[in-house]
Amino acid sequence: MREICRGAKRVLVVIYGNPDPDALASALALKKILTERRRSVTIGYTGAIGRPENAAMMRQLRIPALPLDEREAGVYDIVALVDSQPHFFTDFKLPRCDIVIDHHPLVRKVRAGFADIRPHYLSTSAIMTEYLKAGDIGLTRNLASALFYGIKADARHFMGELGRRDIEALRRLRQKADRYIVSQIEFSQFSWEALDYFSIALVRKRFVNGVIFSHLGPVPVFDICVQVADFLIRVEHVAWALVTGIVADALVIIFRNDGIKKDAGYIARIAFGNIGSAGGHSFMGRAEIRKDALPADLYLSDNRGIEEFVLGSLARIDPAFLPICKSVGGQPGET
């Protein structure tokens, strides 16, 4: 990786979409590794800061991440991706891709000078912790705290099944991480802006055979759907939590599950990957479908139609969604 960057004066570390804790921590670690006396490393994200915990993390740990547009990305000598892969970027044209470090499943060949993709890790932060150790690079308090929280967030606050490498990384980071700062970030999970949408979610919720589903309608940022889904999956007897919303001209679908013999990322990809951006991990997933990729007779303002489309598409993939699909009058359909 260092050989690829030899001679480069400007390096860009790109976070796909709205930055989450794992992506922010991984980007900060890569910046630490690649920064040299005659080289600057910039962290940019293609979406927006949505969740309050992510804003709190950036503020308290002083992570210098900035919004990025396509023109700015083209002026860098090296472009690196963390916690994502090139095919994620359906609405952002990458000028080049030299480095990829990620833990999401590999669904297509990655063309980059350096690619390290480890789906058996729960987080990219755990991979970056190994990089720092291999390079004998010291951990600052802020960097250790960021990586510790990055692993914790992607492990759903230790509800997910941690592998041996994830546990080893946590042990190393725990020695340096500031527990107080981490707890302050954790207590910033819900925004005032999202509270009204919790009301909408509870009024519109449908719950059948362990699957809870709520369509929020128009929302200002997709992270509101994420906050609601994270809340609903903690309700007793819920095995799947699905939350949908309309962000600008796109339908966003958020998946959460209890982690017991389920794969949210796989379901998202199979059901919606052919018409939009979709993926995730075993217990969390996301799909985003632009208006022009939806069926011609389906309008974003048609709440009932959206419900039938989403649940029908999922019922075609997994019979677990068939009862709730029938509850809205839908039938398994084709995406």
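Read-outs: derived from the displayed coordinates by stated rules, not from any lab. Bear in mind that the values here come from a model prediction, so they are computed numbers and not experimental data. All Cβ positions, even for glycine, are placed from backbone atoms using ideal geometry, and neighbour counts span all protein chains on display.
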*Straight-line reach from LYS9: which lysines have a Cα under 26 Å away, not including same-chain ones fewer than 8 places off?*
LYS31, LYS32, LYS93, LYS133
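Please give the contour-minus-distance gain from LYS93 to GLU72: 0.36 nm per residue of separation, less the Cα-Cα distance, rounded to one decimal in nm.
Working: separation 21, 0.36 × 21 = 7.56 nm, distance 1.12 nm.
Extra length available between LYS93 and GLU72 comes to 6.4 nm.
Taking the Cβ-Cβ separation of SER188 and ASP249 as r and a Förster radius of 22 Å, what is the calculated FRET efficiency to the nearest 0.05? Numbers along the way, then the final one.
Details: r = 30 Å, r/R0 = 1.34.
Working from the Cβ atoms, E equals 0.15.
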_Spelling out what I want: for every residue of region 167-177, take phi, set θ = phi - 60°, compute 6.51 cos²θ - 1.76 cosθ + 1.60 (Karplus), and round to whole Hz; glycine and proline get x._
5, 4, 5, 4, 4, 5, 6, 4, 5, 10, 5
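State whether region 10-186 is rounded, prolate or oblate according to the following rule on the C-alpha gyration tensor (a ≥ b ≥ c being the square roots of its eigenvalues): a/c under 1.5 gives rounded; otherwise a/b larger than b/c gives prolate, and the remaining case gives oblate.
On the way: a/c = 1.45, a/b = 1.34, b/c = 1.08.
Taking the square roots of the gyration eigenvalues as a ≥ b ≥ c, region 10-186 is rounded.
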*asked:* Which of rounded, prolate or oblate describes region 200-288 when judged by the alpha-carbon gyration tensor and an a/c cut-off of 1.5?
replied: oblate
*Net charge near ALA169, counting Lys/Arg +1 and Asp/Glu -1 over other residues with Cβ under 14 Å of its Cβ?*
+4
*Name the trypsin sites (Lys or Arg not before Pro) in region 236-290 that are in a loop by DSSP and that have at most 10 other C-beta atoms within 10 Å, would you?*
LYS261
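So if R0 is 41 Å, what FRET efficiency would ARG204 and LYS261 give, r being the distance between their Cβ atoms, rounded to the nearest 0.05? Walk me through the numbers before you get to the answer.
Working: r = 28 Å, r/R0 = 0.69.
Rounded to the nearest 0.05, the efficiency is 0.90.
For the chain, what's the relative contact order in percent, using C-alpha pairs closer than 8 Å and at least 6 residues apart?
Numbers: 671 pairs, mean separation 39.9, N = 335.
Here the relative contact order equals 12 percent.
Rounded to two decimal places and with Rh computed the Kirkwood way over Cα pairs, what is Rg over Rh for region 87-187?
Values: Rg = 14.9 Å, Rh = 14.8 Å.
Ratio value, two decimals: 1.01.
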*For helix 223-232, report the angle its Cα long axis makes with the longest principal axis of the Cα atoms of the chain; keep it between 0 and 90° and round to the nearest 10°.*
70 degrees
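For a test of the definition: using alpha carbon positions, the gyration tensor, and the 1.5 limit on a/c, classify the chain as rounded, prolate or oblate. Each step should come with its number before you reach the end.
Working: a/c = 1.92, a/b = 1.57, b/c = 1.22.
Here the chain falls in the prolate category.
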